[in-house]
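Notes follow once the structure below has been shown.
The values are calculated or read from the model by the stated rules, or taken from the named source; none is laboratory data. Small disclaimer: the values here were computed from a predicted structure and weren't measured. For neighbour counting, all protein chains shown are included, and Cβ atoms are generated from backbone atoms with ideal geometry for every residue, glycine included. What goes into the accessible areas is simple: the full protein's heavy atoms, side chains included, and nothing from ligands, DNA or RNA. Shrake-Rupley method; radii C 1.70, N 1.55, O 1.52, S 1.80 Å.
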Amino acid sequence: MVKKYPITCNPEYKGMKIKTNIEKLVYGGDGFTHIGSRACFVVNGIPGDKIIAEIKNIKKQYLRIRLVYH
């Protein structure tokens, strides 16, 4: 299932696939984007890419997502 909705801290969202665009690079080389109001960090993300990613780690203020397809 691919969604583009705000994600809560509920663990049931772990493993869900989402569509998003990489906005910029941040310190450490991760891509950065927003999903709803939550910051997301993508390993190997390149600014401008439209991607489908899988949620790997859910924290209170941010998500770690893994690139599945770009």
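Annotations for the structure displayed:
- Between Arg66 and Lys14, the simple spin-label model (points 7 angstrom out along Cα→Cβ) gives 1.2 nm.
- In the full protein context, segment 11-70 carries 63 Å² of accessible surface per residue, based on a 1.4 Å probe and ignoring ligands, DNA and RNA.
- Placing unit charges on the Cβ atoms only, positive for Lys and Arg and negative for Asp and Glu, gives the chain a dipole magnitude near 180 debye about its Cα centre.
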